[in-house]
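The values are calculated or read from the model by the stated rules, or taken from the named source; none is laboratory data. What you are looking at is a predicted structure, and each value in this text was computed from that prediction instead of being measured. No Cβ is skipped: glycine too gets one built from the backbone with ideal geometry, and neighbour counts run over all protein chains shown.
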Amino acid sequence: MEVMSKFLIASILMWTVPIAVLYGFNNNLFPGSASVSQESLTLWSGILAVISVNVVIVLYIISAMKEPSSDKHEPDPRFLADAKASIKQQPGTTEVDSSSDRAKLE
Amino acid sequence: MVTSSSSWARALLQISPYTFSAIGIAISIGVSVLGAACLIGAAIKAPRITSKNLISVIFCEAVAIYGVIVAIILQTKLDSVPQSKIYDPVSLRAGYAIFASEIIVGFANLVCGLCVGIIGSSCALSDAQNSTLFVKILVIEIFGSALGLFGVIVGIIISAQATWPMK
């Protein structure tokens, strides 16, 4: 199912990308991360990790909105069968009701 | 054995700051995952599951990810300090700063998860009724998930100053 696979890929990305950014910052894998002081290292790594999570979320939302929406809503077949069965029962009960109403009016 | 003065202040001073830090790290990730799990399944009532219904689930998961990020950041802040300096005021301050940052993140993520879960369930139900309502409720949900973001930002800023004393 395409929906499930997109969801799973987005979930896995959401987990791995911020943790990878964190470890990359702490172990100086990024080009600019060796020259910051200890205190601002946590600030930068935290903020970049949070931003990366939000970027993944935004990409998922964009790809979800682009999915073609099915214009014809097909109703659930079982629900449809139950509805039709209740309509077939209905004319019998309405006759009984209208005769009792006429009796009350008199 | 009767001590001369036993008060809360003395008791707090005798507890090692590492205790607070370790408990706090556990609280941050535990409580935020609890918040993410609340009402995460409420979006799957409509029989046609499209990706739009799963957006609220993604928001809930982001809340749990914030807790994990902060827990990892804080555990890199735990340095070892020599025995003589454990109860130094600077190290006490570092322990309390880490504890405070974790409580902030944990409880902000808890309420954010609750909020996003409730909004997400109503979003899925209203989308099943009328497809034009989806985008409007999604905007509300984005504001709701900003609550967790505020908690994470404040927690990271507080914990950035938590430095243990040099050896």
Original post:
What number of residues in the stretch B:83-98 are among the β-branched types (Val, Ile, Thr) and part of a helix (DSSP H, G or I)?
Top reply: 2
Original post:
With respect to residue B:92, is the statement that it is touching a Pro at 6+ places or on another chain (Cβ under 9 Å), more than 11 Å from every other protein chain (Cβ to nearest Cβ) and at pLDDT 80 or above true?
Top reply: yes
**OP:** Confirm whether residue B:31 is closer than 30 Å to residue B:126 by Cβ, away from chain A (no Cβ under 14 Å) and at pLDDT 75 or above.
**Re:** no
Subject >> Given (1) at the interface with another protein chain (Cβ under 10 Å from one of its Cβ atoms); (2) within 30 Å of residue B:137 (Cβ to Cβ); (3) surrounded by 23 or more Cβ atoms within 10 Å (Cβ to Cβ), number of the condition residue B:73 does not satisfy >> reply: (2)
Original post:
When you look at residue A:63, is it at the interface with chain B (Cβ under 10 Å from one of its Cβ atoms) and modelled with pLDDT under 70, yes or no?
Top reply: no
Original post:
Can you name the residue in the stretch B:130-160 that is under 19 Å from residue A:48 (Cβ atoms) and either β-branched (Val, Ile, Thr) or loosely packed, with under 15 Cβ neighbours inside 10 Å (or both) and, of all such residues, is nearest to the other protein chains (Cβ to nearest Cβ)?
Top reply: B:156
Subject >> Within the stretch A:23-38, considering residues that are surrounded by 11 or more Cβ atoms within 10 Å (Cβ to Cβ) and within 11 Å of chain B (Cβ to nearest Cβ), the one modelled with the lowest pLDDT >> reply: A:26
Subject >> Flag for residue B:74 being more than 13 Å from the chain's Cα centre (by Cα), on the phi < 0 side of the Ramachandran plot and part of a helix (DSSP H, G or I) >> reply: no
**OP:** Consider only pairs whose beta carbons are under 6 Å apart and that are at least six residues apart or on different chains; among these, list those whose first residue lies in the stretch B:111-139 and is at negative phi and whose second residue is acidic (Asp, Glu) and modelled with pLDDT of 80 or more.
**Re:** B:119/B:141
Subject >> Residues (of a type outside the set (D, E, K, R), surrounded by fewer than 21 Cβ atoms within 10 Å (Cβ to Cβ) and facing chain B (nearest Cβ under 8 Å)) located in the stretch A:39-49 >> reply: A:40, A:43, A:47
Original post:
Yes or no: residue B:63 in a helix (DSSP H, G or I), touching a Leu at 6+ places or on another chain (Cβ under 9 Å), in contact (Cβ under 8 Å) with a residue 40 or more places away in the chain and closer than 30 Å to residue A:65 by Cα?
Top reply: yes
